[in-house]
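**Q** After the structure tokens below, expect a handful of questions from me.
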Amino acid sequence: MQKFQNILLIDDDQTNNFLVKHMLNKINAVVNIHIALNGQEGLYKIDEFSKAGIVLDLIFLDINMPVMNGFEFLDEYQKLPEECHSKTTIMMISSSVHPDDIKKINSYECVDEFVEKPLTVQIIEELIEKAEFN
């Protein structure tokens, strides 16, 4: 399993962030784990990383968040210059499995995978493996 340099978790659920961070550390899959509590914070971090020359390997993105939800984030993310996101894999995670949400997720070319919460070590390992080949 490849070790990623930078993963960004964009989720307002701090318990989920803690658990995902713990599982990523447990499987030794990443060097740096960054957290944003909503899409707007995520865009800000991406901008800061881009200015610093930091490439995000993977983003775990929730759908339902305050301030800016996952879909609003994706709408803005797609407007960014290609160098900000061309090497980044996006995995959308949510407890919502509503058919309209699934259809909307599938309409975004930049989303590589959708996974229902809660995440487990096994699911994270599978997502990491898929991200390695994107």
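The values are calculated or read from the model by the stated rules, or taken from the named source; none is laboratory data. Remember, predicted model here, so these are calculated numbers, not experimental data. Please note: Cβ atoms are built from the backbone with ideal geometry, for glycine as well, and neighbour counts cover all protein chains shown.
**Q** Restricted to the stretch 68-86, and to residues that are among the hydrophobic types (A, V, I, L, M, F, W, C) and not in a helix (DSSP H, G or I), which residue is farthest from Ser96 (Cα to Cα)?
**A** Out of the qualifying residues, it is Leu80.
**Q** Could I ask something else about it? Can you find, within the stretch 74-95, the residue that is modelled with the lowest pLDDT among those that are surrounded by fewer than 17 Cβ atoms within 10 Å (Cβ to Cβ) and among the hydroxyl-bearing types (Ser, Thr, Tyr)? Before the answer, list the steps.
**A** In the first step, residues of the stretch 74-95 are kept if they are surrounded by fewer than 17 Cβ atoms within 10 Å (Cβ to Cβ); the result is 75-76, 78-83, 86-87, 95.
Narrowing the set further to residues that are among the hydroxyl-bearing types (Ser, Thr, Tyr) leaves 86, 95.
Numbers: Ser86: 73, Ser95: 85.
Taking the candidates together, the pick is Ser86.
**Q** In the stretch 40-67, what count of residues is obtained for those that are crowded, with 18+ Cβ neighbours inside 10 Å, under 20 Å from Val115 (Cα atoms) and more than 11 Å from the chain's Cα centre (by Cα)?
**A** Matching residues across the stretch 40-67 total 1.
**Q** Quickly run through the stretch 72-98 and pick out the residues that are out of contact with any helix residue (DSSP H, G or I) (no Cβ under 6 Å at 6 or more places or on another chain) and under 18 Å from Asp11 (Cα atoms).
**A** Of everything in the stretch 72-98, those that are out of contact with any helix residue (DSSP H, G or I) (no Cβ under 6 Å at 6 or more places or on another chain) and under 18 Å from Asp11 (Cα atoms) turn out to be Leu74, Asp75, Tyr77, Thr88, Ile90, Ile93, Ser94, Ser95, Ser96, Val97.
**Q** Condition check: exposed (fewer than 13 other Cβ atoms within 10 Å of the Cβ), under 18 Å from Leu43 (Cβ atoms) and polar (S, T, N, Q). Does Gln122 satisfy that? Explain how you work it out, then say what you get.
**A** On the way: exposed (fewer than 13 other Cβ atoms within 10 Å of the Cβ): yes; under 18 Å from Leu43 (Cβ atoms): no; polar (S, T, N, Q): yes.
The answer is no for Gln122.
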